[in-house]
Amino acid sequence: MKVIRLAAALTRMEIETLERSLEGELFYPGEGGYERARAIFNGMIERHPAFVVRCAGPGDAMQAIAFACRHGVPLSIRGGGHAIAGAAVCDDGIVLDMRGLDNAEIDLDRHRVRCGAGMSWGELNNLTLKEGLVTPGVAFSSVGVAGSTMGGGLGPLMGKFGLSCDNLLAAEVVTSDGEIVNASLEEDRELLWAIRGGGGNFGAVT
Ligand SMILES: Cc1cc2nc3c(=O)[nH]c(=O)nc-3n(C[C@H](O)[C@H](O)[C@H](O)COP(=O)(O)OP(=O)(O)OC[C@H]3O[C@@H](n4cnc5c(N)ncnc54)[C@H](O)[C@@H]3O)c2cc1C
């Protein structure tokens, strides 16, 4: 039997309805994906979300955010889990674990990479280095690409290439009102400006 720590007035049926609408998985307390999502780099942080949504695409982020808004429960977004104060994990709410988004496409002609928000710098560099390309990522390989880029991103190559956020050209973002927007120089420039160093949580970057 699954034991669920219910947030606010959530019922099991409501959570199962959300679960059925997801492309990715939903993990309850005690399950492997739950423990893996709530454990973050700072081992002093011990929080227990009601459940974890393992995001497999922007649609899952939309569903989880809409659910949290509808039921008034907290939602935190977990990337690489290195924010030292533990912003990636909440108590009694939903953790949206982005680490299912771990694909990258490299454009060799333009020296660009489009990567899923769940990748770490180590994972991304392993792919780009095979093509003889480096990223202006941070020094610690398990730090999340998305979380650190939104917070700035200081790395060993910053003297030559700038911060990670200086190199961010565009991002797909699921906003709190459930829209998927493309923040880029062509569309939604202000959102791009905000996520280039302004920190996470202007929306869920996928
Ligand atoms: C051991 C260690 C080494 C570090 N080394 C460096 C370094 O060399 N250079 C450097 O610049 N920084 C470094 N940092 C700091 C690190 O870059 C920041 O803590 C960064 O916020 C971590 O991002 P994350 O995705 O790993 O963490 P998380 O805790 O998962 O995320 C950080 C914040 O971003 C939010 N977030 C994450 N993903 C998303 C998303 N997809 N959409 C919206 N919001 C999101 C989270 O909710 C949280 O608020 C280091 C930290 C540690 C603990």
request  = Enter the accessible area per residue of the chain (Å², integer; probe 1.4 Å; all protein chains in place).
outcome  = 52
query = What does region 8-109 give for Rg and for Dmax, in Å, if only its C-alpha atoms count?
reply = 13.9, 53
note = As a percent rounded to 5, the proportion of antiparallel DSSP bridges among beta bridges in region 12-100 is 25
ask   = Under the classification rounded if a/c is under 1.5, otherwise prolate if a/b is larger than b/c and oblate if not, where does the chain fall, given a ≥ b ≥ c as square roots of the Cα gyration tensor eigenvalues?
value = prolate
ask   = All other residues with a Cβ under 11 Å from the Cβ of Val53 taken together, and with Lys, Arg as +1 and Asp, Glu as -1, what is their net charge?
value = -3
ask   = Which residue, chosen from Ser184, Ala50, Pro156, occupies the Cα position most advanced towards the positive end of the dipole of the chain, where the dipole is computed from +1 (Lys, Arg) and -1 (Asp, Glu) charges on Cβ about the Cα centre?
value = Pro156
The chain, accessible surface, carbon-and-sulfur percent (1.4 angstrom probe) = 53
remark   = Residues whose modelled amide H sits under 5 Å from the amide H of Val113, counting only those 5 or more places away in sequence or on another chain, are Asp107
task = Net charge near Ile40: determine it from the other residues with C-beta under 14 Å of the C-beta of Ile40, scoring Lys and Arg +1 and Asp and Glu -1.
result = +1
ask   = For the chain, what proportion of DSSP beta bridges, expressed in % and rounded to the nearest 5, is antiparallel?
value = 65
note = If amide H atoms are modeled at 1.01 Å from N in the peptide plane, then the residues at a separation of 5 or more from Asp92, or on another chain, having amide H under 5 Å from its own are His48, Ala50
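The values are calculated or read from the model by the stated rules, or taken from the named source; none is laboratory data. Since the structure is predicted, the reported quantities are computational estimates derived from the model, not experimental observations. We place every Cβ from the backbone using ideal geometry, glycine too, and count neighbours over all the protein chains shown. For the accessible areas, the whole protein counts, side chains as well, though only heavy atoms, and no ligand, DNA or RNA atoms are used. Shrake-Rupley method; radii C 1.70, N 1.55, O 1.52, S 1.80 Å.
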